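Derivation of every value follows stated rules applied to the coordinates shown; laboratory data play no part. Since the structure is predicted, the reported quantities are computational estimates derived from the model, not experimental observations. As a convention, Cβ positions derive from the backbone with ideal geometry for all residues, glycine included, and neighbour counts pool all protein chains shown.
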Amino acid sequence: MCTFEHSITTQAKVETIWELYSDITSWTVWDEGIEHASLEGPFVTGTYGLLQPRGQDKLSFRLTEVEPRHGFSDVTDIPAMGMQIRFSHRLKNAQDGTSITHAVSIIGPNAERFGQEFIAELSQGIPQTMERLAALAVEREREHES
């Protein structure tokens, strides 16, 4: 198994970040690596969706865990490569705002063979993506205050 995890703290409220997480149409705004994202139903555990990384083919994913205002996890199977990609997005109230943690892990028979390369590619943009997510949440909160 190969894993990458990154955390940041933001002044944005948990609820605002959760709104961005659960509105899949906003994913392309805060994650520049995503060209398209859609769900086949509500943002709940078990729902399937399609995600198209920029410049790549669409991939099917499934929400494996959804805990409102706490986070969600999803999984993408890549049977042809003998791998599964698992993403985790966690929120926690922190003393100075909200702690956001994103993690990605690759498991499966070929995880050791291909996983490091995939993790390196996937993790490269995660810190910037998280900063954009936090900035968008803060911006939305300011708009609501006006």
Could you list the GluC sites (Glu not before Pro) in region 1-109 that lie in coil according to DSSP, counting only those with at most 14 other Cβ atoms within 10 Å of their Cβ?
E32, E40
Label point distance in nm, R113-F4, each placed 7 Å from Cα along Cα→Cβ
2.2
Nonlocal amide H pairs with T45, under 5 Å, H built at 1.01 Å:
V66
Relative contact order for region 2-145: what is it in percent, counting Cα pairs under 8 Å that are at least 6 residues apart?
29
Which residue, T76, T45, T129, has the most motion in a Gaussian network model of the chain that connects Cα atoms within less than 10 Å?
T45
Under the Karplus curve 6.51 cos²θ - 1.76 cosθ + 1.60, θ = phi - 60°, whole-Hz ³J(HN,Hα) for region 94-109, x wherever Gly or Pro sits
10, 4, 10, x, 10, 8, 10, 10, 10, 9, 9, 9, 10, 10, x, x
So if each residue of separation counts as 0.36 nm, and I subtract the Cα-Cα distance between H70 and Q56, what length gain in nm does that give?
2.0 nm
Which whole-Hz ³J(HN,Hα) couplings does region 53-62 yield from phi under the Karplus relation 6.51 cos²θ - 1.76 cosθ + 1.60, θ = phi - 60°, glycine and proline marked x?
x, 4, x, 10, 6, 5, 10, 7, 9, 10
For a quick check: sort D77, D31, D23, D96 by the number of other beta carbons within 10 angstrom, fewest at the front.
D96, D23, D77, D31
³J(HN,Hα) computed for each position of region 132-143 - Karplus, 6.51 cos²θ - 1.76 cosθ + 1.60, integer Hz, glycine/proline x:
5, 4, 5, 5, 5, 5, 4, 4, 5, 5, 5, 4
What's the long-distance tail for region 2-145, i.e. % of Cα pairs beyond 26 Å?
21
